[in-house]
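Q: First the structure, then my questions, so here it is.
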């Protein structure tokens, strides 16, 4: 373990140098433009931003920048804590299709968690198909299983009912009770890492929708009221951090996706601890007004978060810009 | 070279490989099945009959030829059921309990053989499916034995998980109907009983493959011969002969029952037993009219007649409604094709990665007893998988290329809008649409609600939608196609997606 941490530290040091350089340029630029608050964003001295948006970088570089702007991973992960990273691994498709979270991003997040002193980092998803054996295929084909393992995470199974515990959700309008994966209940820190993509039947699949992958009976959502249930679940558990992968954004044929031609290279990353805000922002990145996505509106109405982006403290950063 | 040790080495290897092939790992099974099942008699014979001159069917010819030279070596070296019996004999009889010469009830196996062949030609595979030794072994390995292995595996997973080790995963057994479990455990029990009580008597009284190879072995080039000058009638060889075919009183060995295990040569102290070339003595043995053999023979012959007269094709497929006909896996081409090939070895059931393949019992009628079918309540046929066709030894499920398989229509979907959540509640669901791999289900937006619609040209009947559908009973269902057809490949309309937005540096918020 110390070997890996040393590596991380040296890597982080390099990243820090790079970022210092980048922020230096940004600082100079922002003074010219007369927006000095960006200057303080890098040290997060003006309080944690509600939402951080980074653009035009590779997934890992964008995450390095974004988490730095959020005040560093140490703000979210304390030494010795157990972290659950929940990417979207719902389909057995290659990353190029845009149906699953970028493996490089997952790897980078896991590395940051360990860098902040996490004891254990778990990665799992209850995949979309409940047919036996599909989970392993999804873990493999998406590249996330491999990537997470290489960063030292424990890739846990989510395809057996024995891992799930029944919970009730106070205040829920549709999803009054459900079975939640024990890791969600046990982990100290819960990091939600969805991918932004098109969804045939809910218009969008982003952070709130991604939480369907921590319950056992996904079909209960469908039979009750899909969007209300998605919003209801956030009453039970709000992730400590939502990291939306909008690097490759599937524009059509979601959530399963078709070919790489239906994917737009948006190279964007959004980070927030407000799950509704991050969904609203992501929806705009996709090119759709968040009001159209019913569960975002429902989440806002349930006071889970704020979908009015103009009321939020948003930090933006364009790499190389 | 000690031929007995060679036999033990080869047969143990073959047995281990067979057990591995039936444990359901896709990679291991597909690799093993190609070589291992090439030399299984009945599957290879069926390949040979149905695909004339196909290379895969030649295994059967090679076996016949080899039997003409070496005798029934198949039964000791290659037949998994035979090796299983040898293991039972070894465990439960050991070397203490000695074998003895058995009277030959030749008519019983021959009648069963004729009956099996006649019924198969008439179109009923009931006896083939029940009696073929490879398939019988397959059902034992794929159901009770695999259950045991998976149970042990899952116990280990439970332990390992306590230490955060996720190297093993929980494996789920495929659905086994009680009837199938009864048949496979029952046949296991029968074979076990036979082997404990009288060695290889099962192979010499019931097994039709044994009977056929027995006829061939009468004329085999190499055979076991007792040197009458050297033999002291110590009965060492008789005591180790599992087939009970050494008649020390007459100093004769019945080549039709000998399974070429080489135990006798190993046991003989005087080297009076030899495995050598000898021309066949074309005598059908002496007819010794005893009450017992007369009774057995009469029963066997009359049984054959009765069975031939009996309406063997109870509840034939033709009489079934379309909805009742089971869905057969991609590659099986048509129900008629499938009916003429499958021997119900259940290797496909075991290898199926989503457990959608389950053994049926009488769903295909008596003539197709125990054949597999797709059950979409258990799972769906994975779009990116063609494992069943890769392992099938009989050609019942032809090996399809993945791209072919992805366009093979095995069923037809239909959506009952009176039950569908979206149509009934006007609320979004999309469970079927998000599962559909072929774009056969697509959304239509009407008044801010997205309704699922179906385009049958693209549907391959994989059942992903039926499996996912949250309503009970299912609003979206798949019915079988009697003859499989080819689906259209979905070509998306010209994309409106901008591939890159490098110039766009701003955020839309």
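Q: Name every residue in the stretch A:216-246 that is surrounded by 23 or more Cβ atoms within 10 Å (Cβ to Cβ), touching a strand residue (DSSP E or B) at 6+ places or on another chain (Cβ under 7 Å) and within 14 Å of chain B (Cβ to nearest Cβ), in order of residue number.
A: Within the stretch A:216-246, A:244, A:246 meet the criteria.
Q: Could you pull out the residue among B:168, B:181 that is modelled with pLDDT under 90, within 30 Å of residue B:345 (Cα to Cα) and surrounded by fewer than 22 Cβ atoms within 10 Å (Cβ to Cβ)?
A: B:168
Q: Can you find a residue in the stretch B:51-58 that is within 20 Å of the chain's Cα centre (by Cα) and either under 16 Å from residue B:259 (Cα atoms) or crowded, with 24+ Cβ neighbours inside 10 Å (or both)?
A: Scanning the stretch B:51-58 turns up no residue that is within 20 Å of the chain's Cα centre (by Cα) and either under 16 Å from residue B:259 (Cα atoms) or crowded, with 24+ Cβ neighbours inside 10 Å (or both).
Q: A further question follows. Could you grab me the full set of residues in the stretch A:113-169 that are assigned to a loop (DSSP other than H, G, I, E, B), over 17 Å from the mean Cα position of the chain (by Cα), more than 9 Å from chain B (Cβ to nearest Cβ) and within 30 Å of residue B:375 (Cβ to Cβ)?
A: A:158
Q: Shifting gears a bit: Test residue A:267 against the stated conditions and say whether it is in contact with a strand residue (DSSP E or B) (Cβ under 7 Å, 6 or more places away or on another chain), surrounded by fewer than 22 Cβ atoms within 10 Å (Cβ to Cβ) and touching a residue at least 40 places away in the same chain (Cβ under 8 Å).
A: no
Q: A further question on this structure: If you scan the stretch B:66-95, which residues turn out to be over 24 Å from residue B:252 (Cα atoms) and either part of a helix (DSSP H, G or I) or modelled with pLDDT under 85 (or both)?
A: Answer for the stretch B:66-95, where residues must be over 24 Å from residue B:252 (Cα atoms) and either part of a helix (DSSP H, G or I) or modelled with pLDDT under 85 (or both): B:80, B:81, B:83, B:84, B:85, B:87, B:88, B:90, B:91, B:92, B:93, B:94.
Q: Then there's this: Whether any residue in the stretch A:308-317 is under 28 Å from residue A:107 (Cβ atoms), away from chain B (no Cβ under 11 Å) and not in a helix (DSSP H, G or I) is what I want to check.
A: For the stretch A:308-317, residues under 28 Å from residue A:107 (Cβ atoms), away from chain B (no Cβ under 11 Å) and not in a helix (DSSP H, G or I): absent.
Q: Can you tell me how many residues within the stretch A:199-214 are out of contact with any helix residue (DSSP H, G or I) (no Cβ under 7 Å at 6 or more places or on another chain) and more than 10 Å from chain B (Cβ to nearest Cβ)?
A: Final tally of qualifying residues: 2.
Q: Return the residues of the stretch B:421-447 that are more than 28 Å from residue B:337 (Cβ to Cβ), touching a residue at least 24 places away in the same chain (Cβ under 8 Å) and away from chain A (no Cβ under 11 Å); say none if nothing qualifies.
A: B:423
Rundown of residues vs (1) part of a strand (DSSP E or B); (2) at pLDDT below 90; (3) over 27 Å from residue B:338 (Cβ atoms), yes/no style:
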site	(1), (2), (3)
B:462	no, no, no
B:481	yes, no, no
B:485	yes, no, no
B:502	no, yes, yes
B:507	no, yes, yes
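Q: What's the number of the condition residue A:274 fails, among (1) under 14 Å from residue A:197 (Cβ atoms); (2) more than 7 Å from chain B (Cβ to nearest Cβ); (3) at pLDDT 90 or above; (4) surrounded by fewer than 22 Cβ atoms within 10 Å (Cβ to Cβ)?
A: (1)
Q: Residue check: is residue B:403 over 21 Å from residue B:49 (Cβ atoms) and outside any loop (DSSP other than H, G, I, E, B)?
A: Considered against the rule, which asks whether it is over 21 Å from residue B:49 (Cβ atoms) and outside any loop (DSSP other than H, G, I, E, B), residue B:403 comes out as yes.
Q: Find the residue count for the stretch A:213-225, including only residues that are without any contact (Cβ under 8 Å) to a residue 60 or more places away in the chain and in a helix (DSSP H, G or I).
A: Here the count works out to 5.
The values are calculated or read from the model by the stated rules, or taken from the named source; none is laboratory data. Owing to the predicted nature of the structure, the values given are computational and were not obtained by experimental measurement. For neighbour counting, all protein chains shown are included, and Cβ atoms are generated from backbone atoms with ideal geometry for every residue, glycine included.
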